[in-house]
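Asker: Sharing a structure here in structure tokens format.
Where a number appears in this text, it was derived from the coordinates with a stated rule and is not lab data. Keep in mind it's a predicted model, so treat the numbers as computed, not measured. Cβ atoms come from the backbone with ideal geometry, glycine included; neighbour counts cover every protein chain shown.
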Amino acid sequence: MIKEIEAKVLLSTCKDPSAWFGVRYTMNIYRGCEHQCIYCDSRSECYGIEDFRDVLVKVNAIALLRKELRSKRRKGTVGTGSMSDPYTPAERRYSLTGQALAVLREMGYPVHITTKSDMVLRDLDTLREIARATWASVALTLTTVDDGLAAKIEPGAPSPSRRLLAMKELAAAGVCAGAAMMPILPLIEDNEENIRAIVEAVHAAGGRFIFPGFGMTLRDRCRVYYYEQLDRLFPGLTPQYQRRYGERYNCPVPNARALGQVFEALCARYSIETRSPQGPQNLNPEQLPLF
């Protein structure tokens, strides 16, 4: 169900921009997500989303964005996609992410997007212009390149094949494009064949980076939902998770070190960055006139 809401604040300030693509400010225009990935941490109680099947649309987001950007004394990269996908299917109806990108282009802000959707190509022209003026990067989430497996664990999202085609178009347009290879699900995706296939596919698509995460997070409602889906899709795995991880929040794959070594070697072979590229850090705000 889609619900329209009026937000009071849109932008949040990041304490450590270097941790994630140089992002200084984050925005989430939607809350909840129609992609309904079985592992999504945003189901957790701490995010305050009562029913994750609902998508809350911040219909006043563009007016808020303009107002808040004008008040910023320091420019920096604006990121979106940290809590919910900016290209959840509701974007087809509302086009709020597209409008927000147009505002960022107009006001001279660089941008970073994390998404599982090839719908990002609707805004290719805007992203190309931002990339030419300042900086634009897009991380397309890829935990597998197996479309069949992805249909199980990311049932509402476009297939990895479509995401890779989008990556190729973004890269050709001059956008810094690559992959967020996270989460790699323990006992499902944590094998060398899967990691190798992702790296080779990103290389073929012209991706510049892969930001890895060899494991996942599990807490409260997220854990309950994930185990329900494991029982339905991968019978017998839930007890293995419970024995290995108990109530832990961070759940690394059992062979994280070995997979990391394989991953780093493959990326070195293909000249793919394994740390998030950083957008410009020293953008000077427009000076006020003296008179």
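Asker: Lys and Arg at +1, Asp and Glu at -1: add these up for the other residues within a Cβ distance under 12 Å of V9 and post the number.
Answerer: Residues close to V9 contribute a combined charge of +1.
Asker: Just rank M182, M216, fewest to most, by other beta-carbon atoms within 10 angstrom.
Answerer: M182, M216
Asker: At L187 and R53, where each label point lies 7 Å from the Cα along Cα→Cβ, what is the point-to-point distance in nanometres?
Answerer: Each label point lies 7 Å from its Cα, and together they span 2.7 nm.
Asker: If you don't mind, another one. Identify which of P89, P254, P110 has the largest mean-square fluctuation in a Gaussian network model of the chain, with springs joining Cα atoms closer than 10 Å.
Answerer: Greatest mean-square fluctuation among the candidates belongs to P254.
Asker: Springs between alpha-carbon atoms under 10 Å, Gaussian network over the chain: tell me which of G207, G236, G98 tops the mean-square fluctuations.
Answerer: Of the options given, G236 has the highest mean-square fluctuation.
Asker: Expected output is a single nm value to one decimal: the length gained when fully extending between A133 and E45, i.e. 0.36 nm times separation in residues minus the C-alpha distance. What is it?
Answerer: 27.7 nm
Asker: Straight-line reach only, C-alpha to C-alpha below 21 angstrom: list the lysines that K116 could link to, leaving out same-chain residues fewer than 8 apart.
Answerer: Once the sequence-local lysines are set aside, what remains near K116 is K58, K152, K168.
Asker: Considering the chain as a Gaussian network with a 10 Å cut-off on Cα pairs, which listed residue, A265, A171, A139, attains the greatest mean-square fluctuation?
Answerer: Fluctuation is largest for A265.
Asker: Return E91, E34 ranked ascending by Cβ neighbour count within 10 Å, so the fewest neighbours appear first.
Answerer: Ascending Cβ contact count within 10 Å gives the list E34, E91.
Asker: Something else about it: Give me the net charge of C33's neighbourhood, meaning all other residues with Cβ under 13 Å from the Cβ of C33; Lys, Arg count +1, Asp, Glu -1. Let's see the in-between values first.
Answerer: Working: positive: R31, R43, R53, K116; negative: E34, D41, D51, D54, D85, E91, E154.
Summing Lys/Arg as +1 and Asp/Glu as -1 gives -3.
Asker: Taking 8 Å as the Cα distance limit and 6 or more residues as the minimum spacing, I'd like the relative contact order of the chain as a percentage.
Answerer: Relative contact order of the chain: 20 percent.
Asker: Separate question: Rank these for me by crowding, R122, R132, going from fewest to most other beta carbons within 10 Å.
Answerer: Values: R122 17, R132 13.
Going from least to most buried by this count: R132, R122.
Asker: If the cut-off is a Cα-Cα distance under 21 Å, which lysines reach K15, setting aside same-chain residues fewer than 8 apart in sequence?
Answerer: Cross-link targets: K72, K75.
Asker: In addition: Grab the DSSP H runs of the chain that are 4 residues or longer, score each as -39,500 (n - 2.57), total them, divide by all residues and round the 222 nm result to the nearest 500 deg cm²/dmol.
Answerer: Result for the chain, helices only: -11500 deg cm²/dmol.
Asker: Starting from the Cα-Cα distance between E106 and R73, subtract it from 0.36 nm times their residue separation and give me the gain in nm to one decimal.
Answerer: Length gained, E106 through R73: 10.2 nm.
Asker: Please provide three numbers in whole Å: the alpha-carbon extents of the chain along the principal axes, with the largest listed first.
Answerer: Principal extents (Cα only, largest first): 71, 45, 32 Å.
Asker: Note the angle between two axes, namely the Cα long axis of helix 61-71 and the longest principal axis of the Cα atoms of the chain, as a number of degrees from 0 to 90, rounded to the nearest 10.
Answerer: Result, in degrees: 60.
Asker: Taking H as built 1.01 Å from N, whose amide H comes closer than 5 Å to the amide H of V55, not counting residues under 5 places away?
Answerer: Amide H neighbours of V55: I2, K3.
Asker: Can you give the local net charge around L127? Use residues other than it whose beta-carbon is closer than 12 angstrom to its beta-carbon, Lys and Arg +1, Asp and Glu -1. Numbers along the way, then the final one.
Answerer: Working: positive: R105, R122, R128, R132; negative: D123, D125, E129, E169.
Local net charge: 0.
Asker: Still on this structure, please answer the following. Taking N as the number of residues in region 16-68, what is its alpha-carbon radius of gyration divided by 2.2 N^0.38 Å?
Answerer: Computed over Cα atoms of region 16-68, the ratio equals 1.35.
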